[in-house]
Amino acid sequence: MAGESKQGRTRRSAAERKRQMIEAADAIINRDRSADVSMREIADTAGISRALAYAYYPDRYRLLDALLQEHVDQLTAAGIIEAAQSGRLVERACAVARIYLQHVAAHGTALDVVVRDEPLARQLEGAASRLRARVYQALARTVRAELHMSAQEALALVQLLAVVPEEAARQVRSQVLPLDEALALNDRLLTAALMTQMPRLAPAPQD
């Protein structure tokens, strides 16, 4: 039973132990800004034996899958897919970026750090990569339609713009900017960047 005490020690449930390991992995990745974590370090940080850690997760890949699934669930619940599919381009881009910025400010960059580690990401089930691809593709289609860009140009633009909320969130986590200012800055930068790419109307022919 969770929380049951035996000889002055509290026995935690399997779910609580798994939660400790996920939180430990998340903290290590955010601290080091690297996905190169080991089960040994995670177990030590979580305060559990390595044998028990491996009983819950047979390797670090399955643990990272569980960690990333949490981030995916949180972003999905916040409406990031719907935001990428609704409205005009500037509206979509700002809405998606605001959701992601607030998520990173609150929960850290573990999702992004792991997904960008391509050799590692290929060992995972891919929930985070699929979510990112779905959001990027929805935005890229709108870029193509409104900015008259090729598929490659559209995707490249979306990937470049993703840097804005990522960096703004880091400024919040570093206590350089308060969240409301970071959100406002995010909107201004994305809007300005997209507006400069809007097709110009051809001049009216002269009589």
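The values are calculated or read from the model by the stated rules, or taken from the named source; none is laboratory data. For clarity, every value in this text was computed on a predicted model and none was experimentally measured. Glycine gets a Cβ as well: all are built from the backbone with ideal geometry, and neighbour counts include every protein chain shown.
Observations
- Scanning region 167-176 for residues that are polar (S, T, N, Q) and on the phi > 0 side of the Ramachandran plot turns up at least one hit.
- When the residues of region 33-51 are filtered to those that are assigned to a helix (DSSP H, G or I) and out of contact with any helix residue (DSSP H, G or I) (no Cβ under 7 Å at 6 or more places or on another chain), the one that is farthest from R116 (Cα to Cα) is A51.
- Just one of the listed residues (R98, R88, R130) is over 20 Å from E23 (Cα atoms), basic (K, R) and over 13 Å from the mean Cα position of the chain (by Cα), and it is R88.
- Y100 fulfils the conditions (1) more than 20 Å from R60 (Cα to Cα); (2) part of a helix (DSSP H, G or I); (3) out of contact with any Pro (no Cβ under 7 Å at 6 or more places or on another chain) except for a single criterion, (3).
- Among all residues of region 183-206, there is at least one that is within 23 Å of I81 (Cα to Cα), β-branched (V, I, T) and touching a helix residue (DSSP H, G or I) at 6+ places or on another chain (Cβ under 8 Å).
- Residues being touching a residue at least 40 places away in the same chain (Cβ under 8 Å) and of a type in the set (D, E, K, R) - total across region 65-115: 6
- Qualifying residue in region 109-120 (condition: basic (K, R) and within 10 Å of the chain's Cα centre (by Cα)): no
- Condition check for R17: farther than 30 Å from Q159 by Cα, surrounded by fewer than 16 Cβ atoms within 10 Å (Cβ to Cβ) and of a type outside the set (S, T, Y): no
- Residues that are surrounded by fewer than 19 Cβ atoms within 10 Å (Cβ to Cβ) and farther than 25 Å from A27 by Cα are absent from region 164-175 altogether.
- Among the residues of region 127-164, the one identified as outside any helix (DSSP H, G or I) and either closer than 19 Å to A110 by Cα or touching a strand residue (DSSP E or B) at 6+ places or on another chain (Cβ under 7 Å) (or both) is A162.
- Test: residue in region 113-126 that is in a helix (DSSP H, G or I), surrounded by 19 or more Cβ atoms within 10 Å (Cβ to Cβ) and modelled with pLDDT of 95 or more: no
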